[in-house]
Every structure is written in structure tokens, then in C-alpha cells.
Amino acid sequence: MKASEFDQRFDDGEDMSAVLDTARARRPGEEPRRVNVDFPVWMIAELDREATRLGVTRQSLIKVWIAERLAHGGDSAA
């Protein structure tokens, strides 16, 4: 399909998802970037305990908890 045909069909409101290859698609700004954060020993122990209880890694737990907090936009006070 030529780009002009694709553009015309898209502009006409046609669903173009069937002709797109999304296997390698990425959203901008979602590339991982390494950061270093220092935690006190007691906090690491608590994180590890909770991660083990949930059956996930410490890193996964931290990422989920931070994402949840950011999704709420800081609604609750720390």
C-alpha cells in the first residue's frame, strides 16, 4: 500500500490497525533508564520481605509502587 492510499484511508476514518505492524512499536519516553537509589538496610529488608510474599522481584515491587503513587498524582500526603 502506498503512503498516499494509507493517508487517504486513515483520513476517511477507516480502521488501519490491521495493516500496521506493531510488533516493534514503542511509545516515546518509555525506554528504561537506569537510576541509583540508596535505601537504608531496614527498608531493603522490608522490600525483600514484601517482594517474596508477592512472588516478585524487589525491582518489580519498587517500580509498581512508584507507578501507583505517580498515577494518583500525589493525592495522599506522605
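The values are calculated or read from the model by the stated rules, or taken from the named source; none is laboratory data. Please read these numbers as outputs of a predicted model, since none were measured by experiment. Backbone-built Cβ (ideal geometry, glycine too); neighbour counts: all protein chains shown.
For first residues located in region 1-26 and at pLDDT 85 or above, partners that are surrounded by fewer than 11 Cβ atoms within 10 Å (Cβ to Cβ) and lie 6+ apart or on another chain with Cβ distances below 8 Å form the pairs Val19/Met1. Counting only helices (runs of 4 or more DSSP H) that sit completely within the chain, those holding 2 or more residues that are under 19 Å from the mean Cα position of the chain (by Cα) correspond to 58-71.
Tell me which residues, restricted to region 11-67, are acidic (Asp, Glu) and surrounded by 10 or more Cβ atoms within 10 Å (Cβ to Cβ).
Once the filter is applied, which keeps residues that are acidic (Asp, Glu) and surrounded by 10 or more Cβ atoms within 10 Å (Cβ to Cβ), region 11-67 yields Glu14, Glu46, Asp48, Glu50.
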